Amino acid sequence: MSPSDDNPVESPGERITDAEHAVMEVLWDRPRQTAAEVCADVCAQRGWSLATVKTLLSRLVQKGALAAEPDGRRFLYTPLIAREAYVGGESRRLVERLFGGRAASLVAHLAETEALSEDDLDEIEALLKELRP
């Protein structure tokens with residue numbers, strides 16, 4: 001299954017680590033890559049080796065987040081989770097875990113800690129206007 005299918009996987013069976021998420025970002029940007037291609041994008045900036053990337057790819061396949069398609073002596077990796085579905089699931093978990101399931105509490109916290117700029121507040125206001133009839 002690919003993220004473009006009608007029913008993309010919302011989240012893997014297990015949580016994705018920060019390192020695994022970095023690999024997923026590369027594959028969401030350009031699906032069907034080899035381990036070497038993924039490494040070309042992340043290894044230098046993260047200080048990783050090709051072996052590290054292969055380990056992360058293997059874990060993501062085991063978690064059901066990636067498909068591994070044989071291509072000669074290598075594999076092509078493709079996300080089975082759409083980025084939007086993953087972000088939605090992680091956002092819901094964050095709001096549930098830290099703010100008792102109330103998104104308004106998250107926004108209030110961000111506003112109180114001055115983590116929201118005027119532009120952010122304008123965007124939130126515009127979104128709320130769109131959502132209300």
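The values are calculated or read from the model by the stated rules, or taken from the named source; none is laboratory data. Treat the numbers as computed from the prediction; the structure is a model and nothing was measured. Using ideal geometry, Cβ is built from the backbone for each residue, glycine included, and neighbour counts are taken over all protein chains shown. Protein only, heavy atoms only, side chains kept; ligands, DNA and RNA dropped before computing areas. Shrake-Rupley method; radii C 1.70, N 1.55, O 1.52, S 1.80 Å.
Evaluate segment 90-103: report whether one residue or more is within 29 Å of THR17 (Cβ to Cβ), among the hydroxyl-bearing types (Ser, Thr, Tyr), surrounded by 13 or more Cβ atoms within 10 Å (Cβ to Cβ) and free of Cβ contacts under 8 Å to residues at least 40 places away in the same chain. Quick ask: steps written out before the conclusion?
Filtering segment 90-103 down to residues within 29 Å of THR17 (Cβ to Cβ) leaves 90-103.
Remaining after also requiring among the hydroxyl-bearing types (Ser, Thr, Tyr): 91.
Okay, now just the ones that are also surrounded by 13 or more Cβ atoms within 10 Å (Cβ to Cβ), so none.
So far as segment 90-103 goes, no, none of its residues is within 29 Å of THR17 (Cβ to Cβ), among the hydroxyl-bearing types (Ser, Thr, Tyr), surrounded by 13 or more Cβ atoms within 10 Å (Cβ to Cβ) and free of Cβ contacts under 8 Å to residues at least 40 places away in the same chain.
Are there any pairs, at least 6 apart or on different chains, whose C-beta atoms fall under 6 Å, with the first in segment 110-131 and surrounded by 10 or more Cβ atoms within 10 Å (Cβ to Cβ) and the second part of a helix (DSSP H, G or I), and if so, which?
Note: pairs meeting the criteria are LEU116/LEU110.
Residues LEU106, LEU56, LEU76: which one is free of Cβ contacts under 8 Å to residues at least 60 places away in the same chain and under 16 Å from THR17 (Cα atoms)?
Values: LEU106 fails: under 16 Å from THR17 (Cα atoms); LEU76 fails: under 16 Å from THR17 (Cα atoms).
On inspection, the qualifying residue turns out to be LEU56.
What is the residue count in segment 9-38 for residues that are open to solvent by 20 Å² or more (accessible area, probe 1.4 Å), in contact with a strand residue (DSSP E or B) (Cβ under 8 Å, 6 or more places away or on another chain), modelled with pLDDT of 95 or more and outside any helix (DSSP H, G or I)?
Qualifying residue count, segment 9-38: 2.
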